[in-house]
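The values are calculated or read from the model by the stated rules, or taken from the named source; none is laboratory data. Here the structure is a predicted model, which is why all the values come from computation and not from measurement. Glycine gets a Cβ as well: all are built from the backbone with ideal geometry, and neighbour counts include every protein chain shown. Remember, those area values only see protein heavy atoms, side chains included, never the ligands or the DNA or RNA. Shrake-Rupley method; radii C 1.70, N 1.55, O 1.52, S 1.80 Å.
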Amino acid sequence: MRKCSACHDHKKQGGHGKGPHLWNLFNRKAGSIDGFKFSAAMRDSGHTWTINTLNYYLTNTERAVPGRLMEFRGIRRDQERANLIAFLLQFNDNPPALSD
Ligand code: HEC
């Protein structure tokens, strides 16, 4: 999360920074949270954030959302992405079930 916190806040009482607030990220439509100016690429990407789509996005952000504004390429190591996604799961009012 150190790599993300320069731009993102994930705490409930937080807000937008250079990137959008990441509280309640799961099951949210990409580019849909109020008060942040997303790129059209993100808004029209068609992603809904789940464990799988987030894993895909964070592997290679430009491949997942061509033209995205987030200046961060991605995380190659599977273990590092898994740890990060597990961390982000905690910061939701209703975290998704780990059934799939
Ligand atoms: C240099 C700043 C920066 C860094 C570092 C960064 N992001 Fe982002 N992030 C952004 C911006 C800007 C957007 C909006 C992109 C757009 O609209 O195209 C974004 C968008 C996102 C979104 C989509 C949110 C939504 O509501 O649709 C997710 C998820 C995300 N970032 C997660 C991360 C994670 C996890 C990390 C750390 C691995 C990270 N970001 C690192 C700036 C950053």
Which net charge results when you count Lys and Arg as +1 and Asp and Glu as -1 among the other residues whose beta-carbon is under 11 Å from that of A30? +3
By the gyration tensor of its Cα atoms, with a ≥ b ≥ c the square roots of the eigenvalues, what is the shape of the chain: rounded for a/c under 1.5, prolate for a/b over b/c, or oblate? rounded
So with the 1.4 Å probe, I'd like the accessible area per residue for the chain, rounded to whole Å². 64 Å²
Need the list of aspartates and glutamates near K18 for cross-linking: C-alpha distance under 16 angstrom, and skip anything on the same chain fewer than eight residues off. D9, D34, E71
Using a cut-off of 12 Å between alpha-carbon atoms, which aspartates and glutamates can reach K12, once sequence neighbours fewer than 8 places away in the same chain are excluded? D93
Determine the dipole magnitude for the chain: charges of +1 sit on the beta-carbon of Lys and Arg, -1 on that of Asp and Glu, nothing else is charged, the reference point is the Cα centre, and the result goes in debye to the nearest 20. 260 debye
